[in-house]
Amino acid sequence: MSAAQEPRARTAPALALPGRPCSAAAALHVVGEKWALLAVREIFFGNHRFEAIARNTGAPRDRLAARLRSLEQAGVVERRPYNERPPRYEYHLTESGRDLAPVIRALLDWGDRWVLEDRPVVMIHEPAVPTGHEGSHGDTDAHAHELDAAWICRTCGEEVVMNTLTVDVRAPGWDRSGPRAPGPAGD
């Protein structure tokens, strides 16, 4: 079974959202607000404390606190205590939150290409050292480098490009153009 076919742990009950039933709409309902994604970015970058997240996102403190609470309720982040008196917490990504890394990377890439002239953040890939080569980086070709990620199909191993994709709409009562009109039998 491929990773795309594996059952996923749902972090929230099914949502009754207006418009086309779609996982993208449901995902945006959870993380689609600016401050939510910027908070995820900061935690992904290694900033776990509220003060650092607030400073680096520029979010109003009350709005950031609300977004972090909603991300925690959705299972995207978890709070971990780092001080008892007074009680203080750090924010860490859950498995669900870590799975947003390609989304953050895609937004960085898109912003680099279409919005900003200079690249203020560059993702660096540090390949894992092959087993048996721990501590002997000279014995391997692995080296840190700028990430040049591609979208690869796990089934065939090919790079995915837009003109090779089609959409299979599986939501009852919907097709690619939108909601279907009921047929003569009232379906």
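Here is a yes/no grid of residues against (1) farther than 30 Å from ASP168 by Cα; (2) open to solvent by less than 60 Å² (accessible area, probe 1.4 Å); (3) in a helix (DSSP H, G or I):
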site: PRO18; (1), (2), (3): no, no, no
site: PRO21; (1), (2), (3): no, no, no
site: LEU37; (1), (2), (3): no, yes, yes
site: ILE43; (1), (2), (3): yes, yes, yes
site: GLY46; (1), (2), (3): yes, yes, no
site: ALA65; (1), (2), (3): yes, yes, yes
site: GLU72; (1), (2), (3): yes, no, yes
Which residues, taken from the stretch 147-167, are closer than 27 Å to LEU17 by Cβ and open to solvent by 100 Å² or more (accessible area, probe 1.4 Å)?
-> TRP151, MET162, THR166
Do we find a residue being assigned to a loop (DSSP other than H, G, I, E, B), among the small types (Gly, Ala, Ser) and either open to solvent by less than 60 Å² (accessible area, probe 1.4 Å) or within 14 Å of ALA39 (Cβ to Cβ) (or both) anywhere in the stretch 83-96?
-> no
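The values are calculated or read from the model by the stated rules, or taken from the named source; none is laboratory data. Not measured: the values here are computed from a predicted model. Heads up, the Cβs are rebuilt from the backbone with ideal geometry, glycines too, and the neighbour counts pull from every protein chain shown. Accessible surface areas use protein heavy atoms only, side chains included; no ligands, DNA or RNA. Shrake-Rupley method; radii C 1.70, N 1.55, O 1.52, S 1.80 Å.
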